[in-house]
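Quick notes on the structure that follows.
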Amino acid sequence: MNWTRQYEDAADAEYARCLARPVEGLLDDLRRGRTGDYFQIWRVLGERGSAAQVAWPLYDFLLSDRPYLDRYHCANALLRVLDCTAFEAVQLSANWSTRPEALLQLRARVEAAAGAGPER
């Protein structure tokens with residue numbers, strides 16, 4: 001078996017594990033920094049999570065200093081949950097000079113969809 005097939009099989013298995021868990025369990029993993037090896041937690045949170053459940057935890061993760069690829073996939077999940085096309089995930093995750101302003105604009109969308117969040 002080639003490496004591409006092995007990677008895809010491992011990602012599919014991670015997706016199945018995430019899909020079998022409740023959203024709250026996935027959010028607990030997120031808070032503990034356990035995001036998996038194949039970015040499937042983000043896919044499942046984006047597919048199954050409601051804005052009320054996941055918007056603030058995902059937004060908080062975007063504010064973190066976690067690795068870029070995790071932040072990128074997190075941004076994709078959050079944009080999906082919010083049904084927001086105003087941003088590209090890279091605008092919210094890459095360390096660009098425009099990122100703070102984009103995150104501030106996104107925060108307003110999160111508040112509109114999920115209610116007032118924690119004080120920062």
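The set of residues in region 55-73 being among the acidic types (D, E) and either touching a Cys at 6+ places or on another chain (Cβ under 8 Å) or under 15 Å from L45 (Cβ atoms) (or both) consists of D60, D70. Residues in region 1-49 that are farther than 23 Å from A113 by Cβ, touching an Asp or Glu at 6+ places or on another chain (Cβ under 7 Å) and open to solvent by less than 20 Å² (accessible area, probe 1.4 Å): E14 only. Candidates L104, L92: the one that is open to solvent by less than 20 Å² (accessible area, probe 1.4 Å), out of contact with any Ser or Thr (no Cβ under 7 Å at 6 or more places or on another chain) and closer than 14 Å to D60 by Cα is L92. Would you be able to tell me the number of residues in region 23-52 that are in contact (Cβ under 8 Å) with a residue 60 or more places away in the chain and over 17 Å from A75 (Cβ atoms)? Within region 23-52, residues that are in contact (Cβ under 8 Å) with a residue 60 or more places away in the chain and over 17 Å from A75 (Cβ atoms) number 1.
In region 97-116, the residues that are under 16 Å from A51 (Cα atoms) reach residues that are open to solvent by 80 Å² or more (accessible area, probe 1.4 Å) with C-beta atoms within less than 6 angstrom, at least six apart or across chains, in these pairs: A114/A52.
The values are calculated or read from the model by the stated rules, or taken from the named source; none is laboratory data. Nothing here was measured: the structure is a model prediction, and the numbers come from that model. Cβ: placed from backbone, ideal geometry, glycine included. Neighbour counts: every protein chain shown. Ligands, DNA and RNA are stripped out before the accessible areas are found, and what is left, the full protein with its side chains, is counted by its heavy atoms. Shrake-Rupley method; radii C 1.70, N 1.55, O 1.52, S 1.80 Å.
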